[in-house]
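Here the structure comes first, spelled out in structure tokens, and everything after it is commentary.
The values are calculated or read from the model by the stated rules, or taken from the named source; none is laboratory data. It should be emphasised that the depicted structure is a prediction, and the values quoted were computed from it without experimental measurement. Every residue, glycine among them, receives a Cβ derived from its backbone with ideal geometry; neighbour counts consider all protein chains shown.
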Amino acid sequence: MLPDSDSFLNRLITLRTMVVVFLLAALGVTIQSYTCNTYNNYLVYTRPLANLLSGQSLYRYYHSSYEDVFRYSPSFALIAGTLSRLPDFAGLLIWNLLNTGVFVSGLIYFLLSSQSTKKTIAFALLLVFLEWLIACQNSQSNGLVAGLILWGAGLLRKEKALCSALMLALCGFIKFYGIAAAIVFLFFPKKIKFLLSIFLCCVLLAALPLLAVSAASLGQQYKWWADALLYCPVAQQVSVMGLVQYWFDANIPYLWIQLAGFLAMMLPLVRFRRYGEIVFQNLFLASVLLFVVIFNMMAESPTYIIALAGVALWFSTLQPMSVTDKILIALVIVFTSMSSSDIFPKVWRQRFFIMYSIKALPCFLVWLRIQSLLWRRPTISVLS
């Protein structure tokens, strides 16, 4: 699966090296974003706290404070808003380091719980690095969401139901679809305890803003939030729906495409006897991480760090790596991670990669590959 143990690349890429590279890159990106004043997303996350406290809608345009609309929960506005008390550079640095730390540690923790070697984890981090960099340069929360999902799944595997429930519930209050990963509770013990725990965590997180606002004001914010999600405008599709629309000029309702993908993702759950297999668990979680992005009408380029986390989990199961797998990994690196970078001319990005949703294609192909493996791959490793 990996280069020979005596190769230069294998000696260079270690787990410790990759962690240091991520942290240094996060610092460098923070300095660049602050210097160039390109950290609007950070402001979108942190400055709405003032609107929450004053009873104004969180979900309107406030051009004097930030560009774009806040579309997250009132609880997230309260939590992220604590950074607004700091100078912008300090807050941005903490935000980027938090996203980086949770994502990197989550991937490491989950793969270690999967009995992956440190070398495999190091190469998995290398695989996701470019996509993580895009998310970090945009001061996005997607790395945080991916990391919380991985922590939640890893804690479930360790039978720490309450901690797992808290991680996954937090996902739902940042990006509501992140809580979909909680479906992996089916694979692990303490199912009832987990369900009760995640219900309790959701209730407590939903009520958290009551520490700062009245019940009536909070109830109104949740109504406004529901409207903001329901009527969220759909831009250029960086998704399977975009592939269908722009490649084939097919006018298929998005809901039908999403439903077909959902059914294909869920069908392998009928294979009850495989629930104890580490490989089956990892592949199914990889499928979920890819699904919530490539079948998402609101997916954008920085969202793909969540999908790449799924690709990393799939990569960790490849023993050995086939020619097909190598081709798919190359496609992901070139046409998903690099397609948004300056490596390609701007005219290529605008008139080809963006126009035809090229970023989504390699991830969709990996997702299809995972579906086939969920049905065909033999047992490799089973949890005791």
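Worth a mention:
- Residue tally, condition without any contact (Cβ under 8 Å) to a residue 60 or more places away in the chain and assigned to a helix (DSSP H, G or I), over segment 81-98: 12
- Conditions (1) modelled with pLDDT of 95 or more; (2) more than 20 Å from residue 187 (Cβ to Cβ): number failed by residue 367: (2)
- When 78, 43, 27 are checked against the criterion of being within 20 Å of residue 223 (Cα to Cα) and not acidic (Asp, Glu), a single residue qualifies: 78.
- Summed over segment 221-274, the residues that are assigned to a helix (DSSP H, G or I), aliphatic (A, V, I, L, M) and surrounded by 12 or more Cβ atoms within 10 Å (Cβ to Cβ) give a count of 14.
- Single residue of segment 64-75 satisfying the filter (among the small types (Gly, Ala, Ser) and assigned to a loop (DSSP other than H, G, I, E, B)) that is nearest to residue 220 (Cα to Cα): 73
- Being farther than 17 Å from residue 292 by Cα, in contact with a Lys or Arg (Cβ under 9 Å, 6 or more places away or on another chain) and touching a residue at least 60 places away in the same chain (Cβ under 8 Å) is true of residue 225.
- Residues being more than 23 Å from the chain's Cα centre (by Cα) and of a type in the set (Val, Ile, Thr) - total across segment 245-267: 1
- Test for residue 318: is it assigned to a helix (DSSP H, G or I) and in contact (Cβ under 8 Å) with a residue 12 or more places away in the chain: no
- Among residues of segment 1-31, those that are modelled with pLDDT of 90 or more and farther than 30 Å from residue 61 by Cβ, counted: 14
- Answer from 34, 66 - the residue that is under 25 Å from the mean Cα position of the chain (by Cα), modelled with pLDDT under 95 and either of a type outside the set (A, V, I, L, M) or surrounded by 17 or more Cβ atoms within 10 Å (Cβ to Cβ) (or both): 66
Conditions (1) in contact with a Cys (Cβ under 7 Å, 6 or more places away or on another chain); (2) assigned to a helix (DSSP H, G or I), marked per residue:
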position: 147; (1), (2): no, yes
position: 150; (1), (2): no, yes
position: 162; (1), (2): no, yes
position: 165; (1), (2): yes, yes
position: 185; (1), (2): no, yes
position: 189; (1), (2): no, no
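- Within segment 132-175, being surrounded by fewer than 24 Cβ atoms within 10 Å (Cβ to Cβ) and aromatic (Phe, Trp, Tyr) holds for one residue alone: 173.
- Identity of the residue in segment 42-58, of a type outside the set (Gly, Ala, Ser) and surrounded by fewer than 21 Cβ atoms within 10 Å (Cβ to Cβ), that ends up nearest to the chain's Cα centre (by Cα): 43
- Search result, residues across segment 99-131 that are assigned to a loop (DSSP other than H, G, I, E, B) and in contact with a helix residue (DSSP H, G or I) (Cβ under 6 Å, 6 or more places away or on another chain): 114, 116
- Tally of residues being over 14 Å from residue 72 (Cβ atoms) and part of a helix (DSSP H, G or I) across segment 202-218: 10
- Single residue of 45, 59 found to be in a helix (DSSP H, G or I) and either under 25 Å from residue 299 (Cβ atoms) or of a type in the set (S, T, N, Q) (or both): 45
- Meets criteria (surrounded by fewer than 21 Cβ atoms within 10 Å (Cβ to Cβ), polar (S, T, N, Q) and more than 22 Å from residue 117 (Cα to Cα)) for residue 324: yes
- Residue in segment 188-208 that is of a type outside the set (Ser, Thr, Tyr), surrounded by 14 or more Cβ atoms within 10 Å (Cβ to Cβ), in contact with a Phe, Trp or Tyr (Cβ under 8 Å, 6 or more places away or on another chain) and free of Cβ contacts under 8 Å to residues at least 12 places away in the same chain present: yes
- Just one residue in the set 344, 335, 295, 353 is without any contact (Cβ under 8 Å) to a residue 12 or more places away in the chain and either more than 25 Å from residue 116 (Cα to Cα) or in the same structural domain as residue 104 (by TED's automatic domain parsing) (or both); that residue is 344.
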